[in-house]
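Handing you this structure, nothing more for now.
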Amino acid sequence: PIVNEFEQQYKIKVDVVNAGTVEFLQRISQEQDDPQGDVLWGGTISTVSTRGELFQDYISPNDRYLPQEYRNVEGNLTRFTNILSVLMVNTDLIGDIEIKGYESLLDPRLKGKIATADLTRASSGKEQLVNILYAMGQGDPEAGWDYVKALCKNLDGNLLGSSTAVYTGVATGRYAVGLTFEEGAANYVNGTSPIKLVYMKEGVIGKPDGVYIIKNAKNLSAAQKFVDFLISKEVQTIVAEQLNRRPLRTDVPSPAAFPPLDEINMISEDPHQVEQNISRWTQEFLSIFYSAYSPAEDGASGL
């Protein structure tokens, strides 16, 4: 609906290509001399900021309507919405297992029934790892690795190729529970759906995603209009009322169906610590994940 509205108002045709944030960062890097896109829309600020050199400086006049802590002080990172990491549960499959948070995922009955996204392809996978480390380490991410080792055993080789594969996998009944983000899961919640959202009792981190103009964009003026449009009051209202996202503008309330932030155990990360360590943490997680899964034990030949 946002793209459709933009096209109608500005008479500008928009071509949308879907993929994981990390994949797009790799592609944009490869295409620096001849960009094939104008805007990267989506991906958390913490993920995209690691490749900030790929994006064009532009501060929208609408940026002043965002809270001070979410404004584009970097020059090329415009915040769009507030993204919370959550657990998505299929109540038809979960049985009598009560999911309250990360600790619940260690129940041996869930082995092989948990979905999470590949950290090397989707920013939601990285954000969940960061959330896990800070929550299970009680603020010290290096103290969260014992939990990661236990969780990886229960993942039993399931590391999906995209954020979409996680929440659609839970929604269609392939998995009982998924580690995902609020909007992705909330789009499947309705009066007849077997889907519910769980905000981890151990702590939830909220991170802004964004919209970023690719450096040397061939349609720079149109890209700037698109950024302005995304953080306009009109679109932020669509975000809240139609798209199950938490808007950032101070003059637009969050979706009524979402619990207020003061009812969730919100925790924070140290962004500088994350930036300095996320590459190492990603590799450490992958090493643990592949070590935890032994195909020989169940007769399989490989992942």
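Going by the alpha-carbon gyration tensor, a ≥ b ≥ c the square roots of its eigenvalues, is segment 58-155 rounded (a/c under 1.5) or, if a/c is not under 1.5, prolate (a/b greater than b/c) versus oblate?
Prolate shape, in that a/c is at least 1.5 and a/b is the bigger ratio.
Karplus couplings for segment 157-174 from phi (6.51 cos²θ - 1.76 cosθ + 1.60, θ = phi - 60°), rounded to Hz, Gly and Pro as x?
Couplings: x, 8, 9, 8, x, 7, 4, 4, 4, 5, 6, 6, x, 6, 5, 8, x, 6 Hz.
On a 0 to 90 degree scale, rounded to 10, what angle separates helix 220-230 from the longest Cα axis of the chain?
60
Ok, one more. Can you give me the C-alpha center-to-center distance between segment 131-175 and segment 254-278, rounded to a whole angstrom?
17
Which whole-Hz couplings ³J(HN,Hα) result when phi for each residue of segment 186-191 is put into the Karplus expression 6.51 cos²θ - 1.76 cosθ + 1.60, θ = phi - 60°, listed in order with x for Gly and Pro?
Working through the residues one at a time gives 5, 5, 9, 8, 8, x Hz.
A further question on this structure: List the relative contact order of the chain as a percent without decimals, with contacts defined as Cα pairs under 8 Å and 6+ residues apart.
28
May I pose another question? By how many degrees, 0 to 90 and rounded to 10, does the Cα axis of helix 271-292 deviate from the longest principal axis of the chain?
40
Next up: Any idea of the accessible area per residue across the chain, 1.4 Å probe, to the nearest Å²?
47
Just need the relative contact order of segment 1-114 here, percent rounded to a whole number, with Cα pairs under 8 Å and 6+ apart.
Relative contact order comes out at 14 percent.
Whose amide H sits under 5 Å from the amide H of Phe80, counting only residues 5 or more places off or on another chain, with H placed in the peptide plane?
Asp209, Gly210, Val211
Using only Cα atoms and rounding to the nearest 10 degrees, what angle (0 to 90) does helix 21-30 make with the longest principal axis of the chain?
For 21-30 against the chain, the angle is about 50 degrees.
For Cα extents along the principal axes in Å, which listed value, (1) 82, 71, 31; (2) 57, 44, 34; (3) 58, 54, 32, comes from the coordinates shown?
(2)
Determine the shape class of segment 11-94: with a ≥ b ≥ c the square roots of the Cα gyration tensor eigenvalues, call it rounded for a/c under 1.5, and otherwise prolate if a/b is greater than b/c, oblate otherwise.
oblate
Same structure, new question: Using θ = phi - 60° and the Karplus relation 6.51 cos²θ - 1.76 cosθ + 1.60, list the HN-Hα couplings for segment 49-56 in order, rounded to whole Hz, with x at every Gly or Pro.
5, 5, 10, x, 5, 7, 10, 7
Could you please state how large a percent of the accessible area of the chain is carbon and sulfur, counting protein chains only and using a 1.4 Å probe?
The C+S portion of the solvent-accessible surface of the chain is 46 percent.
Here's a follow-up. Classify segment 107-152 as rounded, prolate or oblate, taking a ≥ b ≥ c as the square roots of the eigenvalues of its Cα gyration tensor: rounded when a/c is under 1.5, otherwise prolate if a/b is larger than b/c and oblate if not.
Oblate.
To the nearest 20 debye, what charge dipole does the chain have about its Cα centre, counting +1 at the Cβ of each Lys and Arg and -1 at the Cβ of each Asp and Glu?
Using Cβ point charges on Lys, Arg, Asp and Glu, the chain gives about 420 debye.
The values are calculated or read from the model by the stated rules, or taken from the named source; none is laboratory data. Quantities reported herein were computed from a predicted structural model and do not represent experimental measurements. Virtual Cβ from ideal backbone geometry, glycine too; neighbours counted across all protein chains shown. Heads up: the accessible areas ignore ligands, DNA and RNA and are worked out on the full protein's heavy atoms, side chains in. Shrake-Rupley method; radii C 1.70, N 1.55, O 1.52, S 1.80 Å.
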